[in-house]
1. Look at the stretch 23-36 and say how many of its residues are outside any strand (DSSP E or B) and open to solvent by 40 Å² or more (accessible area, probe 1.4 Å).
2. Does at least one position in the stretch 38-51 carry a residue that is under 14 Å from the mean Cα position of the chain (by Cα), open to solvent by less than 90 Å² (accessible area, probe 1.4 Å) and touching a residue at least 12 places away in the same chain (Cβ under 8 Å)?
3. Based on this model, can you work out whether Ile99 counts as open to solvent by 60 Å² or more (accessible area, probe 1.4 Å), within 15 Å of the chain's Cα centre (by Cα) and under 30 Å from Leu114 (Cβ atoms)?
4. List every residue pair whose Cβ atoms sit under 8 Å apart, with the two residues 6 or more apart in sequence or on different chains, where the first one lies in the stretch 64-80 and is at pLDDT below 85 and the second, anywhere, is assigned to a helix (DSSP H, G or I) and of a type in the set (A, V, I, L, M, F, W, C).
Amino acid sequence: YGELDFFTYGISTSAEECTLAITTYPIAVTVIASTILALIAIFMYTKRMKQVKVVSISIFLDIMFYPIFAAYMWYTKDLFSEFNYSLSVSLLIPVASIILKFLAVKAIKADEKLVRSADRIR
């Protein structure tokens, strides 16, 4: 039995010679787009409501990672039945990202509320 290695760019086999069996570009696109949007959102601190929208789109992309990953796992279960799957803890990184981005949205909204209340006082 060989093993399958699941990377963001493809699934490779570690049988006799390592070959790229299936490309997984949709996973790579969602991960890269989510990361880029999160980095863009950091520098949008003067436009808080647009920042919330960008972070929300990034959260959506992080959530979409799991159905896409599950589709690849379902698709390859029969194709590579002689291989052993090995999942790692790195699959929890999008969950941590979703939680942290949700907390960021909550803090941005609180900051916007504070700024608006300060404008009313003047």
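1. Residues meeting the conditions: 7.
2. Yes, there is a match, as at least one residue in the stretch 38-51 is under 14 Å from the mean Cα position of the chain (by Cα), open to solvent by less than 90 Å² (accessible area, probe 1.4 Å) and touching a residue at least 12 places away in the same chain (Cβ under 8 Å).
3. For Ile99, the condition - open to solvent by 60 Å² or more (accessible area, probe 1.4 Å), within 15 Å of the chain's Cα centre (by Cα) and under 30 Å from Leu114 (Cβ atoms) - is met.
4. Listed pairs, sorted by first residue: Tyr72/Ile27.
The values are calculated or read from the model by the stated rules, or taken from the named source; none is laboratory data. Because the structure is predicted, anything quoted here is derived from the model rather than measured. Virtual Cβ from ideal backbone geometry, glycine too; neighbours counted across all protein chains shown. Ligands, DNA and RNA are stripped out before the accessible areas are found, and what is left, the full protein with its side chains, is counted by its heavy atoms. Shrake-Rupley method; radii C 1.70, N 1.55, O 1.52, S 1.80 Å.
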